[in-house]
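The values are calculated or read from the model by the stated rules, or taken from the named source; none is laboratory data. Predicted, not measured: the structure shown is a model, and the values here were computed from it. Don't worry about glycine lacking a Cβ; one is built from the backbone with ideal geometry, like all the others, and counts go over all protein chains shown.
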Amino acid sequence: MPIMRARLAFLSVWFFTAPASAFATGQTYINQNYDYEIKIPAGQVAATDTPPAPQHGFEINLGGNRQLSVDASYDALLLGSAEAALRDRAADARIPASTRSVATHLAGLQASLISARVNGLTIILETCYRGDNNGSAIIYTFELDTDADHIKADRIMLDAMLASFRTIPLAK
């Protein structure tokens with residue numbers, strides 16, 4: 001059954017079906033379109049969009065309503081910061097605007113993190129922002145949707161994945 005998630009904030013649409021392209025446990029996912037790499041957590045398979053669809057990232061189905069996803073997109077809306085990108089994505093996830101975020105860093109980039117309970121799930125979002133001298137910028141978004149029974153194990157998996165996230169030098 002296809003899963004469709006509209007991502008108007010980043011002017012992209014993801015279509016996930018049965019994994020046409022999949023990366024297995026322990027492999028490193030490398031995205032040369034958005035210049036990053038990240039390790040797939042142990043015991044998981046990451047599904048990507050079917051080519052020729054743009055390759056923004058991947059999604060891991062953790063069972064039930066639980067999922068972990070990674071997305072990279074150009075800052076087409078000129079949001080200008082990790083915090084603005086986080087707020088934009090949080091609105092899509094129906095996280096109340098009053099929810100406090102935390103400024104942080106990820107792979108040496110400015111980042112913002114937010115966590116909230118929405119419709120019985122805990123949603124953890126982290127975005128980081130990568131500008132360049134040409135006025136382009138890339139927004140990296142990491143999202144975990146999990147339930148109360150799995151929050152601890154799923155959070156450990158997310159943290160391990162974030163620790164493996166690396167940017168690749170931007171193409172000239």
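When residues in region 12-42 are screened for being assigned to a loop (DSSP other than H, G, I, E, B) and modelled with pLDDT of 90 or more, 3 of them pass.
Conditions tested, residue by residue: (1) aliphatic (A, V, I, L, M); (2) touching a strand residue (DSSP E or B) at 6+ places or on another chain (Cβ under 8 Å); (3) modelled with pLDDT of 95 or more.
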residue	(1), (2), (3)
108	no, yes, no
120	no, no, no
127	no, yes, yes
133	no, no, no
143	no, yes, yes
148	yes, yes, yes
163	yes, no, yes
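Scanning region 96-131 for residues that are among the hydroxyl-bearing types (Ser, Thr, Tyr) and either more than 15 Å from residue 79 (Cβ to Cβ) or surrounded by fewer than 16 Cβ atoms within 10 Å (Cβ to Cβ) (or both) returns 98, 99, 104, 115, 122. Examine region 43-61 for a residue that is in a helix (DSSP H, G or I) and either in contact (Cβ under 8 Å) with a residue 60 or more places away in the chain or of a type in the set (D, E, K, R) (or both), and state whether such a residue exists. Within region 43-61, not a single residue is in a helix (DSSP H, G or I) and either in contact (Cβ under 8 Å) with a residue 60 or more places away in the chain or of a type in the set (D, E, K, R) (or both). On the given criteria, is residue 104 within 22 Å of residue 58 (Cα to Cα), of a type outside the set (D, E, K, R) and assigned to a strand (DSSP E or B)? No: the conditions fail for residue 104.
Looking at 113, 78 in this structure, which one is out of contact with any helix residue (DSSP H, G or I) (no Cβ under 6 Å at 6 or more places or on another chain) and in a strand (DSSP E or B)? It would help to see each step written out before you state the result.
Numbers: 78 fails: in a strand (DSSP E or B).
It is 113.
Residue 70 passes every criterion in (1) under 26 Å from residue 169 (Cβ atoms); (2) assigned to a helix (DSSP H, G or I); (3) among the aliphatic types (A, V, I, L, M) apart from (2).
Residues in region 144-172 that are over 19 Å from residue 43 (Cβ atoms) and part of a strand (DSSP E or B): 166, 167. Within region 146-169, is there a residue that is surrounded by 14 or more Cβ atoms within 10 Å (Cβ to Cβ), under 19 Å from residue 62 (Cα atoms) and in contact with a helix residue (DSSP H, G or I) (Cβ under 9 Å, 6 or more places away or on another chain)? Yes; the residues of region 146-169 include at least one that is surrounded by 14 or more Cβ atoms within 10 Å (Cβ to Cβ), under 19 Å from residue 62 (Cα atoms) and in contact with a helix residue (DSSP H, G or I) (Cβ under 9 Å, 6 or more places away or on another chain). Taking only region 139-158 into account, find how many residues are touching a Ser or Thr at 6+ places or on another chain (Cβ under 7 Å) and either farther than 13 Å from residue 115 by Cα or among the polar types (S, T, N, Q) (or both). Summing the residues that are touching a Ser or Thr at 6+ places or on another chain (Cβ under 7 Å) and either farther than 13 Å from residue 115 by Cα or among the polar types (S, T, N, Q) (or both) in region 139-158 gives 5.
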